[in-house]
Amino acid sequence: MESLGKSYKTQLDNIKATIQNSDLLNTYLDTEEEEDYKALAEYFEPQIQELYLMVADKNPLQLVALEQELLDSGFEGLYLPKVLGYSVLRGDVNEHVKYSRPQVHFKDILMAIINSSNFEMISKRTGQSIQIGFALSSDIWITNIINSVSNKKIKYFLQAQKLEKYRNIAKRRLGLHNYRKQFLSLNYLSTEFPDSVAGLQVMAPSIKNFLFYRAGHDYTNDSLYHHLDSFIKRDDFKGEKEYLHILMIVGMYFDLPETTGQMLSNAIDSLRKSMPDFENQFFKYLSDLLIDHGLKSKNDKRFSNIIDKSHDGEVSEYYRLMDVVHGKGYISEDAIDAVRVYYDSHEGRSIQNSCVRKSIFAEFSKFLSNLEPSAYHDYFEINKIFVQYMAIFANQKFNQNLKELSLKYVKKLLKVYTDKRGKDYQDIKKWVKATFSDLSFMTDKELVELFKTRRKKKTT
């Protein structure tokens with residue numbers, strides 16, 4: 001965890017002093033009414049939020065330190081409900097929809113709320129956060145927290161947040177999914193970089209999630225580069241697959257300063273020479289990135305500039321191919337020929353060929369996702385390219401994915417061109433019936449059903 005910067009600490013201390021000297025706080029202390037605490041929160045929480053967002057943008061590794069400062073009783077528990085939610089969602093969740101490790105920061109914030117003189121007011125805004133946090137935690141961990149509380153009323157409150165329905169993994173997964181949606185527009189992710197191999201294995205999921213998030217938004221990442229430099233230079237990490245994965249994310253998703261880029265290039269070269277099973281590990285994770293994170297041409301171009309393609313090996317060969325595909329365009333004859341030569345030089349089921357198929361499909365998906373219904377003639381044209389790649393790959397999964405992609409676009413067209421006697425509708429119908437049948441995308445019966453008129457039920 002990075003310490004909170006002096007300027008941020010000064011601003012935070014100023015807000016705290018203003019809270020303590022405010023008439024709003026005096027009024028609340030006199031009345032102890034909920035409305036008066038709400039007025040206090042409505043006035044000061046936006047000021048805390050403004051500072052929080054500034055730190056989240058420019059110095060995200062200082063967020064936990066900022067949140068720890070907010071545990072000071074001088075803030076009267078303001079903003080703690082949001083901070084509690086942030087801590088719940090930062091935890092790494094495993095395949096059982098449980099935390100991979102105990103969430104100490106979540107516990108610290110929860111205990112600060114429990115021990116606050118304003119617990120009654122704060123707790124009314126924390127119920128769901130505690131419920132999800134408890135659902136993701138172990139029974140022993142929850143019991144230890146509850147048993148540490150002496151106040152019976154608070155103890156009963158905590159026990160009530162441990163919901164029986166979340167013992168079911170499906171309901172737990174759905175609850176977490178719905179809870180996350182409330183925070184989609186908020187910038188709260190942080191991480192820390194490890195100082196040992198054991199720490200790397202534990203923290204890798206958090207680091208990956210953080211890097212993906214930062215790369216996907218227009219935030220200022222200057223404060224991260226010296227941490228990345230230190231991470232890249234760690235010789236003791238070089239035998240770990242998590243180290244390779246993080247280097248790949250950094251190289252593919254970030255526009256790096258020249259010094260960091262060169263350092264990363266050297267580290268990748270070193271791994272290629274020293275890491276056992278480097279190429280297999282590389283392509284396995286590349287395949288995961290193509291499926292889960294939608295690698296785009298710009299990501300390939302970044303990484304191609306990072307690696308030294310003068311070295312022999314599968315990674316160099318793959319990125320020489322990607323240079324042609326992205327440089328000349330995947331619809332060009334040069335790119336199609338290059339893919340054919342590469343693909344034929346590898347076994348059809350090889351991980352390298354799998355990555356090529358996914359890369360090409362990503363290009364098709366991007367094209368059709370951005371194609372307006374009015375440009376459907378462009379879809380007719382690019383289908384000729386579909387056919388060529390289908391012939392090269394001879395892969396049923398690739399064909400099925402193309403079918404689903406094409407059908408989605410056709411259904412989009414049918415929502416726009418509803419006049420069955422109109423030229424556009426008839427052109428689309430004629431072309432789809434002939435082409436989908438030729439490509440074995442759909443049977444004649446399915447095609448009839450696709451264009452069948454749906455009668456609306458009469459209302460009584």
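One table, with the values for the structure above:
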{"read-out": "Nearest-ten-degree value, helix 197-215 long axis tilted from longest Cα axis of the chain", "value": "70 degrees"}
{"read-out": "11 Å beta-carbon shell around MET121, net charge (K/R +1, D/E -1)", "value": "-4"}
{"read-out": "Whole-percent pair-distance distribution, where bins are 10 Å wide, for the alpha carbons of the chain", "value": "3, 16, 21, 20, 18, 14, 7, 1, 0"}
{"read-out": "Positive-end extreme of charge dipole, the chain - chosen from TYR179, THR27, GLN49 (charges on Cβ)", "value": "TYR179"}
{"read-out": "Farthest positive-ward along the range 396-460 dipole, Cα basis, beta-carbon charges - from ASN401, VAL432, LEU450", "value": "LEU450"}
{"read-out": "Shape parameters for the range 6-181, alpha-carbon atoms, Rg then Dmax in Å", "value": "16.8, 50"}
{"read-out": "The range 197-395 - Rg and Dmax from Cα coordinates, angstrom", "value": "17.9, 56"}
{"read-out": "Within the range 337-362: backbone nitrogen closer than 12 Å to the ASN401 label point (7 Å, Cα to C-beta)", "value": "353-362"}
{"read-out": "Part-to-part distance (alpha-carbon centres) for the range 131-159 and the range 238-296, which is given in Å", "value": "42 Å"}
{"read-out": "Among the listed pairs LYS58/LYS208; LYS241/LYS403; LYS58/LYS171, those beyond 29 Å (Cα-Cα)", "value": "LYS241/LYS403; LYS58/LYS171"}
{"read-out": "Extreme residue, positive dipole direction of the chain, given options ILE392, LEU414, SER206 (C-beta unit charges)", "value": "LEU414"}
{"read-out": "Cleavage-rule hits (trypsin sites (Lys or Arg not before Pro)) in the range 326-416: DSSP loop, at most 12 neighbouring Cβ within 10 angstrom", "value": "ARG349"}
{"read-out": "Convex hull volume of the range 303-452 per residue (C-alpha atoms, cubic angstrom)", "value": "110 Å³"}
{"read-out": "Loop-located chymotrypsin sites (Phe, Trp or Tyr not before Pro) in the range 62-145, at most 10 other Cβ atoms within 10 Å (DSSP)", "value": "none"}
{"read-out": "Neighbour count of at most 11 Cβ within 10 Å plus DSSP loop: longest GluC sites (Glu not before Pro)-free window in the chain", "value": "96-346"}
{"read-out": "Mean residue ellipticity (222 nm) of the chain, computed from DSSP H runs ≥ 4 via -39,500 (n - 2.57), nearest 500", "value": "-21500 deg cm²/dmol"}
{"read-out": "Assigned charges on the beta-carbon of Lys, Arg, Asp, Glu; the chain dipole about Cα centre (debye)", "value": "2820 debye"}
{"read-out": "Estimated inter-spin distance, PHE451 and LEU174, nm [label 7 Å along Cα→Cβ]", "value": "4.0 nm"}
{"read-out": "Geometric extent, Cα atoms of the range 396-460 - Rg, Dmax (angstrom)", "value": "13.4, 48"}
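Every number in this text was worked out from the coordinates using simple rules, so none of it is lab data. Given the structure is predicted, the values throughout are model-derived calculations rather than measurements. All Cβ positions, even for glycine, are placed from backbone atoms using ideal geometry, and neighbour counts span all protein chains on display.
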